[in-house]
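Have a look at the structure below before the remarks.
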Amino acid sequence: MQTRRLGNSGLAVSPLCFGGNVFGWTADLAQSFKLLDAFAEAGGNFIDTADVYSRWAPGNQGGESETIIGRWLRRNARTRGRDRLIIATKVGMDMGAGRKGLSAARIRRAVEDSLRRLRTDYIDLYQSHADDPDTPMEETLSAYGALIAQGKVRYIGASNFSAARLREALAASRAHGLPAYVSLQPEYNLYRREGYERELEPLCRDWNIGVIGYYALASGFLTGKYRAAADSAKGARGARMAAYLNERGLGILAALDAVAARHRANPARVALAWLIARPGVTAPIASATSLDQLHDLVEATRLRLDAEDIARLDRASAWR
């Protein structure tokens with residue numbers, strides 16, 4: 001895979017980011033290793049996780065995904081090289097026992113926990129998982145600055161920020177000489193476009209912020225697996241499909257089917273290829289729990305949509 005520069009950073013990342021939310025949840029240790037091996041062998045180098053993954057699963061407490069990635073990194077240290085991989089993780093979500101938010105104290109503790117689980121000396125991209133209105137921006141950014149100075153973090157990113165709050169953070173960085181966010185993780189896919197495109201997209205493009213949107217396949221809806229209410233029984237995410245099963249959603253699936261037929265591909269590859277081709281998007285985040293799904297992710301990076309394809313998908317998914 002050809003790499004792309006992530007915003008204003010020095011990070012050269014693959015055009016698709018492997019989402020680690022499934023590790024320790026719907027993919028056990030052995031399967032996670034197989035998936036990570038296949039992704040790296042295909043040329044992927046960008047892996048995203050968070051300290052909170054996957055606290056929601058029965059029996060988990062958070063940190064499971066980072067732990068699996070750390071074991072994989074340690075096993076592959078000699079053959080793959082840590083410096084060839086871009087590891088991104090996040091801090092800020094509720095980890096229980098009062099461990100949440102973006103205070104300096106919380107960040108200092110959380111980064112040590114993440115480094116230990118990841119079995120690495122540094123994190124390439126450390127991200128604020130959600131805005132924390134109760135902590136001054138300058139406090140959060142100063143804490144990140146200390147970690148960068150110590151060599152524990154290379155760059156910082158934001159996730160789930162509104163345009164107003166991201167703009168405020170960027171202004172604070174400039175005014176006070178503090179590290180600035182180089183990336184943003186918004187929800188972004190063919191179905192969910194407005195939330196990013198209305199205000200965040202122009203801001204990110206003006207400030208050269210790398211965009212690594214999550215839910216790239218709309219929790220699996222854009223794979224074409226879910227086309228009727230009865231399909232909601234399929235898989236762990238089936239219950240979420242009611243929000244997509246409407247006239248607009250089915251119209252998007254029809255456009256994906258048509259474009260996929262032209263390229264002898266499938267809807268998942270086309271939906272990801274549309275994101276990869278989108279101006280301003282550095283690398284959409286997508287997960288896989290099987291090698292077949294991982295193959296679709298890799299093939300999406302090789303699929304080149306033409307202007308007609310993109311126009312058809314744009315029309316079907318238009319929000320204004």
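The values are calculated or read from the model by the stated rules, or taken from the named source; none is laboratory data. Bear in mind the structure is a predicted one, so any value in this text is a computation, not a measurement. As a convention, Cβ positions derive from the backbone with ideal geometry for all residues, glycine included, and neighbour counts pool all protein chains shown.
Right, L184: farther than 19 Å from D124 by Cβ and aliphatic (A, V, I, L, M) or not? Talk me through it step by step, then tell me what you get.
Working: farther than 19 Å from D124 by Cβ: no; aliphatic (A, V, I, L, M): yes.
In short, no.
Condition first: in a loop (DSSP other than H, G, I, E, B) and either in contact with a Pro (Cβ under 9 Å, 6 or more places away or on another chain) or within 30 Å of S173 (Cβ to Cβ) (or both). Now tell me which residues in the stretch 8-43 satisfy that. If you could, list the steps in order and put the result at the bottom.
Taking the stretch 8-43 as the starting set, the residues that turn out to be in a loop (DSSP other than H, G, I, E, B) are 8-11, 14-16, 24-26, 28, 42-43.
Correct list: N8, S9, G10, L11, S14, P15, L16.
Within the stretch 302-309, is even one residue of a type outside the set (D, E) and touching a residue at least 60 places away in the same chain (Cβ under 8 Å)?
There is no residue in the stretch 302-309 that is of a type outside the set (D, E) and touching a residue at least 60 places away in the same chain (Cβ under 8 Å).
Which residue is farthest from V182 (Cα to Cα), if the candidates are limited to the stretch 62-103 and must be assigned to a helix (DSSP H, G or I) and among the acidic types (D, E)? Show your work before the answer.
Quick first cut of the stretch 62-103, residues assigned to a helix (DSSP H, G or I) only: 64-80, 82-84.
Now restrict to residues that are among the acidic types (D, E): 64, 66, 83.
Working: E64: 26, E66: 22, D83: 19 Å.
Out of the qualifying residues, it is E64.
I need every pair where a residue in the stretch 218-229 that is closer than 19 Å to Y188 by Cα and among the small types (G, A, S) has its Cβ under 6 Å from the Cβ of a residue that is crowded, with 21+ Cβ neighbours inside 10 Å and at pLDDT 95 or above, sequence separation at least 6 or different chains.
The qualifying pairs are A218/N189; A218/Y191; G224/L253; G224/P267.
Being touching a His at 6+ places or on another chain (Cβ under 9 Å) and of a type outside the set (V, I, T) narrows it down to one residue among D51, D37, D113, D134; which is it?
Result: D51 is the single residue among D51, D37, D113, D134 that is touching a His at 6+ places or on another chain (Cβ under 9 Å) and of a type outside the set (V, I, T).
Mind checking which residues of the stretch 162-198 are on the phi < 0 side of the Ramachandran plot and part of a loop (DSSP other than H, G, I, E, B)?
S162, L178, P179, A180, P186, Y188, N189, L190, Y191, R192, R193, R198
Could you tell me which numbered condition T301 fails, if it satisfies all but one of (1) at pLDDT below 95; (2) over 22 Å from L200 (Cβ atoms); (3) not basic (K, R)?
In the conditions (1) at pLDDT below 95; (2) over 22 Å from L200 (Cβ atoms); (3) not basic (K, R), T301 misses (1) alone.
Of the residues that sit in the stretch 124-145 and are polar (S, T, N, Q) and not in a helix (DSSP H, G or I), which one is nearest to T49 (Cα to Cα)?
Q127
Determine whether the stretch 244-255 contains at least one residue that is modelled with pLDDT under 95 and of a type in the set (S, T, Y).
yes
Within the stretch 146-154, identify whether any single residue is within 23 Å of the chain's Cα centre (by Cα), in a helix (DSSP H, G or I) and in contact (Cβ under 8 Å) with a residue 24 or more places away in the chain, and answer yes or no.
yes
Here are A77, A27, A12, A50: which of them is surrounded by 18 or more Cβ atoms within 10 Å (Cβ to Cβ) and either over 19 Å from D296 (Cβ atoms) or of a type in the set (F, W, Y) (or both)? Even if it seems obvious, please write down each step before you answer.
On the way: A77 fails: surrounded by 18 or more Cβ atoms within 10 Å (Cβ to Cβ); A27 fails: either over 19 Å from D296 (Cβ atoms) or of a type in the set (F, W, Y) (or both); A12 fails: surrounded by 18 or more Cβ atoms within 10 Å (Cβ to Cβ).
Within the list A77, A27, A12, A50, the selection yields A50.
With L203, L184, L178, L166 as the choices, which residue is of a type in the set (A, V, I, L, M, F, W, C), at pLDDT 95 or above and over 30 Å from G249 (Cα atoms)?
Values: L203 fails: over 30 Å from G249 (Cα atoms); L184 fails: over 30 Å from G249 (Cα atoms); L166 fails: over 30 Å from G249 (Cα atoms).
The unique qualifying residue is L178.
Could you list, in sequence order, all residues of the stretch 169-208 that are among the aliphatic types (A, V, I, L, M), under 13 Å from I156 (Cβ atoms) and out of contact with any helix residue (DSSP H, G or I) (no Cβ under 7 Å at 6 or more places or on another chain)? Before the answer, list the steps.
Residues of the stretch 169-208 among the aliphatic types (A, V, I, L, M): 169-172, 175, 178, 180, 182, 184, 190, 200, 203.
Checking which are under 13 Å from I156 (Cβ atoms) leaves us with 169-170, 172, 178, 180, 182, 184.
Residue satisfying the conditions is V182 alone.
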